[in-house]
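One structure is given here, and the rest of the page talks about it.
Each reported figure results from applying straightforward, stated rules to the coordinates on display, with no laboratory input. Every value quoted in this text rests on a predicted model; they were computed, and no experiment measured them. Cβ placement follows ideal geometry from the backbone for every residue including glycine, while neighbour counts extend to all protein chains displayed.
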Amino acid sequence: MSARSAPVQSSAPPPQRRRILLVNPRFPESFWSFRWALSRVLQGKRALNPPLGLATLAALCPPDWEVRIVDENVQSVPIDPQADVVGVCGMGVQLERQRELLRYYRGRGCYVVAGGSYASLCPEALADAADTVVAGEAEYVWPRFCRDLAAGRPRALYRETGIVDLADSPTPRFELLQLDRYANASVQFSRGCPYHCEFCDIIVMFGRKPRTKSPDQIGRELDRLRMLGVRDVFFVDDNLIGHKERAKGLLRYLADYQQRAASTFNFGTEASINLAQDDELLSLFRAARFSWVFIGIESPDETSLRETGKTQNTRVDLLESVRRIYTAGIEIFGGFIIGFDNDTVDIFERQRRFITAAGVQVAMVGLLTALPRTPLYQRLRRVGRLRPHANLADNTQAGTNLVPLRMQYETMVRRYEQLWRDLVTDHSIARRIRSKARWLRRPVYRGQYSWFERAQILARLLWRGLLPGGPARWYHFAAGMLCSRPRFWPVLVSDWIAGLALQDFVRRRFRRDCARDRRIGQATLAFVQARCAACLRSGTLDAALLTAGSATRLALTLRGRVDPVFFTICARRIEKLLRKSSTAITLRVEALALGQHDDLRRLLQRLAYYGDRISLRVNSALASGLAIDSSVFHLVLEEY
């Protein structure tokens, strides 16, 4: 028995404790956040997809346990959890926040458990922050942990090393999720993928032999979602057609289900490009009402595809395959990668031309990233081509953890940012819509909203998206409407919403004029210092501008009564700083004068749209009193 698998006795809760809180940490903003769309147009929605894994985990808990799920992407984490056990999941991009929450809740006296995809890949990264780490699929190891916990002898590490039969996977407890806050609900039919892409961690976690649930299991899950009023469902499978015959059986079942239940589910999923070569599959996708699929196209360069093991994409003409899928009425969201060993600076223009010709509006273009335990990571580590201390959690950031072979790293990053700027211009958005409209003549998607909801969405798009763009944007939108069939209009509106959301994302995230950021930051600091000079002298306010590499951060500390001008005039100037630059803000509140709580609430409300760049360091008592929403701001809880 290893040291990490030895029983842990000291911090285990008494056997009678049966209250558990399951937490999904807040994601940093990324390509998939679509923050502008969710906050400005599709109001009422806070995130795209709920944490299906936690809902499944809740169903695996003993029936007499009191289970609560909190997704920090749509609601604030509790300051006082009122739980004996806290489980925190996480992907690689959530690792830092996952560790923060584990440490905080452990400090509150809870027994803390770490899980999720990153814990499955690298359990050692969470061993010091958690009492127990659960690695791998949960269907068998989680009930074992629950039994051990109830007996007072939980282990430090539970790792699934066998093969999980998905027939043993329960119906997730969807009722514990705030489903009305998500654009989609999620279900899963299969795990595993038959292919061997060098950069992919799916085959590391789930293997190359796809395992599936039965159609009846999926039917029970859909019954539950239908009762909860859900209309849009995302199959989170990494490749729904990894086992074609079982996929066809599921699709026939879903087509029958939609008719039998008079259902109006709108489905989406992930699949491989060979979907286009199977007419029966395409027909079944349409019959089951799959309106979109995400496909890892990766690169128009066949040599790069062969190099990375994505040979399934070399057996077909990629552009022709995209158009065949459009002809079936199914939209494509595409994944594209830059940075393969074969790639030179020419790849940026080739990617732009392909994405434009293919009409892929939701094009996730990322820099190749070597994820732990993947064949790519192992190969590059052997030859010394991994960049130390690089952030490898988000492949759509302007950076990566590997050294490219045929271009300079700085050139690759600079051209990557420029490619994104080119893709999100109004002209480029409109061109991709036109390219798609030529082939997508009978779209499955017709809008899953009532006429009143559609009118509201269109009004917000016009007011907040189209009108601010000026005559050129008005022309592009109107021309698209006039030159396409009315049946295509819901797709057109959806594409403009997605395109403008990505435009907003790129404008804020890829602004890299460091000197300009520092100038704006210094001017803002000088403004605060001039307006709040007395507070700075008395020590109730501290203000400083910090620079580290290319990053600029305005650090503010409150220690008591602050001149009201800080919450009004200075607040407007700070908002301008966030709007005009990439500067981040740290606001530390050590003490707040009586009567100024409302002032601080109004300040935070003003800055909420930029909450992903605002780190709040507040003691837990004050955070609770102010009802600070950690789903909006990065709330760092402290005890002092």
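Among rounded, prolate and oblate, which fits the range 91-196 when a ≥ b ≥ c are the square roots of the eigenvalues of its C-alpha gyration tensor, a/c under 1.5 means rounded, and a/b larger than b/c means prolate?
rounded
With label points built 7 Å along Cα→Cβ from the Cα atoms of E245 and E307, find their separation and express it in nm.
3.8
Counting other beta carbons within 10 Å of each Cβ, put R353, R421, R18 in order, fewest first.
R353, R421, R18
Go through (i) 1.04; (ii) 0.96; (iii) 1.23 and flag the label whose value is the computed Rg/Rh (Cα atoms, Kirkwood Rh) for this structure.
This structure yields the entry labelled (ii).
Give me the extension gain from A548 to A621: residue separation times 0.36 nm, minus the current Cα-Cα distance, reported in nm with one decimal.
Taking 0.36 nm per residue and subtracting the Cα distance, the gain is 23.1 nm.
So what's the net charge close to V112: Lys and Arg +1, Asp and Glu -1, counting the other residues with Cβ under 11 Å from its Cβ?
Result for the local shell: +2.
Report, in debye and to the nearest 20, how large the dipole of the chain comes out about its Cα centre when Lys and Arg carry +1 and Asp and Glu carry -1 on their Cβ.
That gives the chain a dipole magnitude of about 1580 debye.
Is the shape of the range 514-638 rounded, prolate or oblate, going by the alpha carbon gyration tensor and its root eigenvalues a ≥ b ≥ c, with a/c under 1.5 for rounded and a/b larger than b/c for prolate? If you can, show how the numbers build up before the last one.
Values: a/c = 1.69, a/b = 1.23, b/c = 1.38.
Because a/c hits 1.5 or more and a/b fails to exceed b/c, the range 514-638 counts as oblate.
With a bin width of 5 angstrom, please list the P(r) values of the range 294-360 as percents of all Cα-Cα pairs, from the 0 bin to the one holding the largest distance.
Histogramming the range 294-360 at 5 Å steps yields 3, 17, 30, 26, 16, 5, 2, 0 percent.
Count neighbours as other Cβ atoms within 10 Å of each site's Cβ, and list the trypsin sites (Lys or Arg not before Pro) in the range 475-555 that are DSSP loop with at most 16 such neighbours.
Passing sites in the range 475-555 are R511, R512.
Okay, helix-only estimate at 222 nm for the chain: each DSSP H run of n ≥ 4 adds -39500 (n - 2.57), divide by all residues, round to 500 deg cm²/dmol; what do you get?
Working: 22 runs with 247 residues, N = 640.
Taking each H run of at least 4 residues, the total per residue is -12000 deg cm²/dmol.
May I ask for the net charge around P154, where only other residues with Cβ less than 11 Å from the Cβ of P154 are counted and Lys, Arg are +1 while Asp, Glu are -1?
+2
Order these by the 10 Å Cβ neighbour count, fewest first: M91, M412, M481.
Arranged by neighbour count, lowest to highest, M91, M412, M481 become M481, M91, M412.
Go ahead and collect, in residue order, the members of the range 475-492 whose backbone nitrogen is under 13 Å from a label point 7 Å along the Cα-Cβ direction of L458.
Once the point is set 7 Å along Cα→Cβ of L458, 478, 481-482, 486-492 turn out to lie under 13 Å by backbone N, inside the range 475-492.
Fewest first, what order do L166, L101 take by the number of other Cβ atoms within 10 Å?
Placing the least packed residue first, the sequence is L166, L101.
For E245, what charge total do you get from the other residues with a beta carbon under 12 Å from its beta carbon, if Lys and Arg give +1 and Asp and Glu give -1?
Working: positive: K244, R246, K248, R252; negative: D278, E280.
Charge balance near E245 sits at +2.
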